[in-house]
Structure formats: structure tokens, C-alpha cells
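The values are calculated or read from the model by the stated rules, or taken from the named source; none is laboratory data. Source: prediction; values computed, not measured. Cβ: placed from backbone, ideal geometry, glycine included. Neighbour counts: every protein chain shown. We work out accessible area using only protein heavy atoms, side chains counted, and drop any ligands, DNA or RNA first. Shrake-Rupley method; radii C 1.70, N 1.55, O 1.52, S 1.80 Å.
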Amino acid sequence: MAVTAIVFDVGETLVDETRNWEHVADACGVPRFTLMALVGAAAARGESPRRVRDWLDIDPPRVAFLHDEFYADALPCLRRLKERGLLVGAVGNMGIEHEELVRPHVDFAASSERWGVEKPSPAFFERVLSETGRPPDEVAYVGDHVVNDVEPALAAGMVSVHIRRGPWGYLLEPPPRAITIRSLDELPEALP
């Protein structure tokens, strides 16, 4: 069966979160290197980057996370997929305010905050399928995080695409059934 819908994770898949973390460090008075190293440590330990808040005893303002920048390959990829007539969505573990960045470039955008469920919960991927209105084998989910994106998408019966970028994209090997790419430029040709 051919893929007719593609849904993207947002952070570190479509969006480079580096500037967000820099702003968090600045807003909380923490050296950027310290914060980035602890985000990396959380990733290496298989923990949420939210653990950094506990370790440093900080409570970053939400506005510190509103400095998203698309990766250079993101918007051209989204355009190419839409030109092919595919349904394109973007949904990730993020706040509602991040939806507005991606909404103009996709057919639908949502957030874990809006839905009230986070990845890797099966309920998150059930909601993804519901939004697409397609059977699982016609839907591809693209993400950087093996545990949060790749494995649960496969478990839901979707085509799973692992993009090897961002800290989480390099730490774990995806299962053999997943498609692996290094750039979104490769995605259109990699899909079944």
C-alpha cells in the first residue's frame, strides 16, 4: 500500500531547537554550555529534557521556548509532499503556541498539549491516525526519537521514518523496519 499521508514530529525533525535552549539558559541565568550538556545527559539516560529543570532547579518561562527555526530542508520537503497530493500534518510533544509556526505549511497541526496526550502513548498515535482519516499502512510518521516516534508509530501499524538529527536522533538505533534518513531532502524518494 502506498503512503497517502505523512505526519511529522516537530522538535528536531522540522524545527531546530537550539535557539530555544539558548533562550532557556539565558532566561534562567544558567551558562548555555551547562544547560546543553544536561539536555544531552538527559537524552543519553533516556530521560525527558524536562529533567534539566529539576537538576538545575529552574522554571523557564514558556516564552523562552518560542524561538523555533525550521531546518533548511523542512519547508522544501513539506512543499514537495503537498505538491504530490499527500496529506501532510505536524504533531509533536509541544505546547499549543508552537502549532502556529507549522500550521501555514501543513494540512493540519496539533500538539500534545492540545490533545492532552504525549508520545510515546499509543493514544497519541491513535489520534494521529484519526486526524488523517487513513488506515495505518497509508500513514508515515517522521521523527528523530526512536522511543517516542519510531517504535510507537510502528506499533500503531504506520510506516515509520527515523531522521538522524538532533541529540535523540543519534543515540539509539531504529528497528530494521523503520526507514532511516539523514535529511528531509531524502524523504519523498524514501517513501513506499
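Scanning region 1-59 for residues that are under 30 Å from R84 (Cβ atoms) and of a type in the set (D, E) returns D9, E12, D16, E17. As a summary of the residue check, M1 satisfies the conditions (1) open to solvent by less than 80 Å² (accessible area, probe 1.4 Å); (2) at pLDDT below 95; (3) in contact with a helix residue (DSSP H, G or I) (Cβ under 7 Å, 6 or more places away or on another chain) except for the one numbered (1). Can you name every residue in region 12-38 that is within 12 Å of P60 (Cβ to Cβ) and touching a helix residue (DSSP H, G or I) at 6+ places or on another chain (Cβ under 8 Å)? Passing the criteria: N20, W21, E22, H23, V24, A25, D26, A27, C28, V30, L35. Within region 63-74, if we keep just the residues that are open to solvent by less than 40 Å² (accessible area, probe 1.4 Å) and modelled with pLDDT of 95 or more, the residue that is farthest from V7 (Cα to Cα) turns out to be D73.
Among the criteria (1) open to solvent by 40 Å² or more (accessible area, probe 1.4 Å); (2) among the β-branched types (V, I, T); (3) more than 24 Å from L172 (Cα to Cα), the one T34 does not fulfil is (3).
Of all residues in region 177-186 being touching a residue at least 40 places away in the same chain (Cβ under 8 Å) and either under 18 Å from G92 (Cβ atoms) or under 15 Å from the mean Cα position of the chain (by Cα) (or both), which is most open to solvent (accessible area, probe 1.4 Å)? Give the derivation first.
Of all residues in region 177-186, those touching a residue at least 40 places away in the same chain (Cβ under 8 Å) come to 183-185.
Imposing the further condition that a residue be either under 18 Å from G92 (Cβ atoms) or under 15 Å from the mean Cα position of the chain (by Cα) (or both) reduces the set to 183-184.
On the way: S183: 24, L184: 0 Å².
Applying the filter and picking the extreme gives S183.
Got a number for residues in region 100-129 being of a type in the set (D, E, K, R) and in contact with a helix residue (DSSP H, G or I) (Cβ under 7 Å, 6 or more places away or on another chain)? Lay out the reasoning, then the answer.
Narrowing region 100-129 to residues of a type in the set (D, E, K, R): 100, 103, 107, 113-114, 118-119, 126-127.
Retained after the next criterion (residues that are in contact with a helix residue (DSSP H, G or I) (Cβ under 7 Å, 6 or more places away or on another chain)): 113-114, 118-119, 127.
Selection size over region 100-129: 5.
Of the strands (runs of 3 or more DSSP E) lying entirely inside region 79-176, those carrying at least 2 residues that are in contact (Cβ under 8 Å) with a residue 60 or more places away in the chain and crowded, with 19+ Cβ neighbours inside 10 Å are 87-92, 139-143, 159-163. Would you confirm whether any residue within region 48-62 is free of Cβ contacts under 8 Å to residues at least 12 places away in the same chain, among the aliphatic types (A, V, I, L, M) and open to solvent by 30 Å² or more (accessible area, probe 1.4 Å)? No, the conditions are met nowhere in region 48-62. Comparison of R19, R45, R53 shows that the only residue that is more than 20 Å from the chain's Cα centre (by Cα) and of a type in the set (K, R) is R53. The set of residues from region 32-65 being part of a loop (DSSP other than H, G, I, E, B) and among the charged types (D, E, K, R) comprises R45, E47, R50, D57, D59.
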